[in-house]
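J.: There's a structure below that I have some questions on.
The values are calculated or read from the model by the stated rules, or taken from the named source; none is laboratory data. The model shown is predicted, which means the values in this text are computed figures rather than measured ones. Counting neighbours? That spans all protein chains shown, and the Cβs are built from the backbone with ideal geometry, glycine included. Each accessible area value is taken on the protein alone, full model and side chains, heavy atoms only, with ligands, DNA and RNA left out. Shrake-Rupley method; radii C 1.70, N 1.55, O 1.52, S 1.80 Å.
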Amino acid sequence: MGASETMRAVRIAEHGGPEVLEPTEVAVPAPQAGEVLVQVSAVALNNTDLWTREGAYGRPGDPEALSGWRGPIDFPRIQGADVAGRVVAVGADADESLVGRRVVVDPAIYDSDGPDANPVGLMGSERDGGYAEYVTASAERVHDVTESPLTDDQLATLPTAYGTALGMIERGRLREGETVLVSGASGGVGIALVQIARARGARVIAISSGSKIDSVRGAGAHEVVDRARDVAEQIRAVAPEGVDVALDVVAGDLVGEGLPLLREGGRWVVAGALGGYNVTFDVRRLYLHNAQVIGSSMHTPTHFGLLMDLARRAEVQPVVAATFPLDQAARAQEALARRGHVGKIVMRPQVVGRATD
C-alpha cells in the first residue's frame, strides 16, 4: 500500500441518534499475525448498524438495556459489517498471495474454529468495521472473489443480508418444491431470501408494502401479499394448503397470526424483530402439528462459503438501492431507517461527493 499512515473513518463514541456518527481521521490499522489489511471499496448498511448505534439489542434479563450486538460496546467504535475491497498488506503467517486479490470479508466472530461454529460477535460491533478506508480481518475470513462478475457495491451487500438469509434457509431445511413465506421482503435480507429460495426451487410467497410489490415480484416472488391488508387472509387465498417454511425478519404479531398457517411439520424461522420482540402465540399450534420455531442469527462458516460460491457464479443479483460517500454516513443511516427503498444501501469510502440513488 502507499505511504499514508492515516485514513478517513466514521465512528461512534456513544449510543444515540445519527448525530453520534463522527467523521474522523485515525491511524491505518496494522494487520496482526494471521490478519490481512483490506482497502475498502464498498461497505453496505444493515439494520444492525442502526441498532448497534442506538444500543437497541438489550441484554439477557434486561431487554431495555443499551447494548451492542452481543453486549456492551467498547467505544469509540468504527461501524460497518459488510466489506468488499482488495487486500493491500498481510501480517505474519498470512498468505502473501492474497495481496491484490478482490475479497469479501466474513464479518462474523465465531465461538469456535469449526465449520458449523456460531457467530457470537460482529465486525462493526465487537470489533472495528468498514466505515473506513481500511479494515483488518482474519485471513481465514476473507474470501477471494476476484473473478466474480458482480460489482464491488453488489459484493458488499452480501455478508450480513445474504449470509443471514442463507443461514435462515439452511436452518429451516427448505427443500425444492416447498412453499415458503418471506416477511419484510423488500429489505436487504428479504430480497436475499426471495432470490435464494427461488433459486432453491421453492414457491415463494412474500409480504411487502403496496408501493414495493412490483419490485419484490421482480426479485423472484411468485406471490406478493400486501402487509397493509389482512395478511393471514391473503396467504390462505394464495396457499390454501399452507406454508412449509416461514422466513421471518418481522416477528411481532405476525408470529401468532402466521403459525396456524404452517403445514404439518412446518418451520418458522425468526432472524429479526422489526415488528416487535414481544410475541404471543398459541403453543398448541406447535406441539399438535409438530411445528418448530427456530431462531437464526447470521450464518456459519459453511453457510458463508456456500454464499461466496453463489457470488463467484453470480447466481444471486443483489439490488443496490442507493450509494453514499463515507462522509455522508449519517444521511445513509437516516435513509436506511426510513425504509423507503428496495434492496441495499452502500457507502464508498474511497469517494467523496454526492449520494446517488
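J.: Can you name the residue in segment 45-98 that is within 30 Å of Ala321 (Cα to Cα) and acidic (Asp, Glu) and, of all such residues, is surrounded by the fewest Cβ atoms within 10 Å (Cβ to Cβ)?
T.: Glu54
Matching residues to (1) modelled with pLDDT under 95; (2) basic (Lys, Arg); (3) closer than 23 Å to Met347 by Cβ:
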| site | (1), (2), (3) |
| --- | --- |
| Pro31 | no, no, yes |
| Val38 | no, no, yes |
| Arg59 | yes, yes, no |
| Val99 | no, no, no |
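J.: Still on this structure, please answer the following. Only one residue in Val316, Val283, Val346, Val342 is touching a residue at least 24 places away in the same chain (Cβ under 8 Å), more than 25 Å from Val38 (Cα to Cα) and not acidic (Asp, Glu). Which one?
T.: Val342 is the lone residue from the list that is touching a residue at least 24 places away in the same chain (Cβ under 8 Å), more than 25 Å from Val38 (Cα to Cα) and not acidic (Asp, Glu).
J.: Right, next: Gly121: within 16 Å of the chain's Cα centre (by Cα) and modelled with pLDDT of 95 or more, yes or no?
T.: Values: within 16 Å of the chain's Cα centre (by Cα): yes; modelled with pLDDT of 95 or more: no.
For Gly121, the condition - within 16 Å of the chain's Cα centre (by Cα) and modelled with pLDDT of 95 or more - is not met.
J.: Right, something else. Do you know which residues across segment 173-204 are in contact with a strand residue (DSSP E or B) (Cβ under 8 Å, 6 or more places away or on another chain), within 26 Å of Leu336 (Cβ to Cβ) and surrounded by fewer than 24 Cβ atoms within 10 Å (Cβ to Cβ)?
T.: Once the filter is applied, which keeps residues that are in contact with a strand residue (DSSP E or B) (Cβ under 8 Å, 6 or more places away or on another chain), within 26 Å of Leu336 (Cβ to Cβ) and surrounded by fewer than 24 Cβ atoms within 10 Å (Cβ to Cβ), segment 173-204 yields only Arg198.
J.: Taking the residues in segment 147-168 that are among the hydrophobic types (A, V, I, L, M, F, W, C) and buried (at least 24 other Cβ atoms within 10 Å of the Cβ) as candidates, determine which candidate is nearest to Arg348 (Cα to Cα).
T.: Applying the filter and picking the extreme gives Ala156.
J.: Within segment 252-261, does at least one residue satisfy the condition of being open to solvent by less than 60 Å² (accessible area, probe 1.4 Å), in contact with a Pro (Cβ under 8 Å, 6 or more places away or on another chain), not in a loop (DSSP other than H, G, I, E, B) and not small (Gly, Ala, Ser)?
T.: Within segment 252-261, not a single residue is open to solvent by less than 60 Å² (accessible area, probe 1.4 Å), in contact with a Pro (Cβ under 8 Å, 6 or more places away or on another chain), not in a loop (DSSP other than H, G, I, E, B) and not small (Gly, Ala, Ser).
J.: Look through Gln195, Gln234 and report the one residue that is of a type in the set (S, T, N, Q) and either within 18 Å of the chain's Cα centre (by Cα) or under 22 Å from Pro159 (Cα atoms) (or both).
T.: None of the others qualify; the one that does is Gln195.
J.: For Ala42, are the conditions met, namely being in contact with an Asp or Glu (Cβ under 8 Å, 6 or more places away or on another chain), crowded, with 16+ Cβ neighbours inside 10 Å and either part of a strand (DSSP E or B) or without any contact (Cβ under 8 Å) to a residue 24 or more places away in the chain (or both)?
T.: Spelling it out, Ala42 is indeed in contact with an Asp or Glu (Cβ under 8 Å, 6 or more places away or on another chain), crowded, with 16+ Cβ neighbours inside 10 Å and either part of a strand (DSSP E or B) or without any contact (Cβ under 8 Å) to a residue 24 or more places away in the chain (or both).
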